[in-house]
Amino acid sequence: MQVRPAATTDAPSCTELVEERRREYEKYQPRFWKKAANSADATLPWFEHLFSDPKNVCLVAIENGGVAGFLIAREFPTPPVYDPGGATALIDDFCVASKDRWQDAGHALLSAAKDILKQRGYAQVVVVGARQDVAKTDFLNQAHLSLASTWWTAGFL
């Protein structure tokens with residue numbers, strides 16, 4: 001497996017992976033994670049934009065010519081009432097091809113991203129995931145990330 005910077009040509013494969021995750025997450029919390037009907041159409045140009053911006057850390061894990069996983073890290077404003085010692089990087093889109101790929105593809109992607117972010121002077125990384133995504137949660141725990149926050153939601157319709 002090779003981890004390399006994501007190219008705009010990787011965007012369609014990454015869009016497919018994130019669409020699978022969206023369908024899964026929607027089952028966990030049907031309102032908060034409700035997938036928009038046009039989510040794939042909106043995601044493709046967004047990923048192409050993110051992948052072409054050198055400020056972002058966008059990586060893909062390639063195996064046998066296909067995308068086994070991807071990760072997007074972007075600078076995220078730290079609230080002014082907190083001081084983690086430097087900039088925060090948010091990893092919102094972080095997907096692997098199947099739940100059993102967290103230990104290899106997920107690990108390789110997160111390790112590479114953390115190395116790059118550390119070299120760029122970031123103080124911390126925040127990774128987004130659904131509470132019910134047990135495979136990803138277990139992986140992040142094993143990777144020595146700690147749970148820092150939870151969000152609670154309610155609808156009004």
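Laid out as a table, the results:
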{"read-out": "Candidate set from the stretch 44-90 (those that are under 21 Å from Ala123 (Cβ atoms) and hydroxyl-bearing (Ser, Thr, Tyr)); member that is surrounded by the most Cβ atoms within 10 Å (Cβ to Cβ)", "value": "Thr88"}
{"read-out": "Strands (runs of 3 or more DSSP E) fully within the stretch 1-78 counting 1 or more residues that are within 30 Å of Gly155 (Cα to Cα)", "value": "66-76"}
{"read-out": "Number of positions in the stretch 112-157 that are in a helix (DSSP H, G or I), more than 13 Å from the chain's Cα centre (by Cα) and of a type in the set (S, T, N, Q)", "value": "3"}
{"read-out": "Residues being aliphatic (A, V, I, L, M) and either within 19 Å of Arg22 (Cα to Cα) or free of Cβ contacts under 8 Å to residues at least 12 places away in the same chain (or both) - total across the stretch 51-81", "value": "7"}
{"read-out": "Pair list, Cβ < 8 Å and 6+ apart or interchain, from the stretch 1-16 residues that are touching a residue at least 60 places away in the same chain (Cβ under 8 Å) to residues that are in a loop (DSSP other than H, G, I, E, B)", "value": "Cys14/Ala6"}
{"read-out": "Residue tally, condition among the β-branched types (Val, Ile, Thr) and surrounded by 15 or more Cβ atoms within 10 Å (Cβ to Cβ), over the stretch 9-29", "value": "2"}
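Laboratory data are not the source of any read-out in this text; all were calculated from the coordinates shown. Note that the structure is a prediction, hence the values are computed from the model and not measured. A quick note on method: Cβ atoms are made from the backbone with ideal geometry, for glycine too, and the neighbour counts reach across all protein chains shown.
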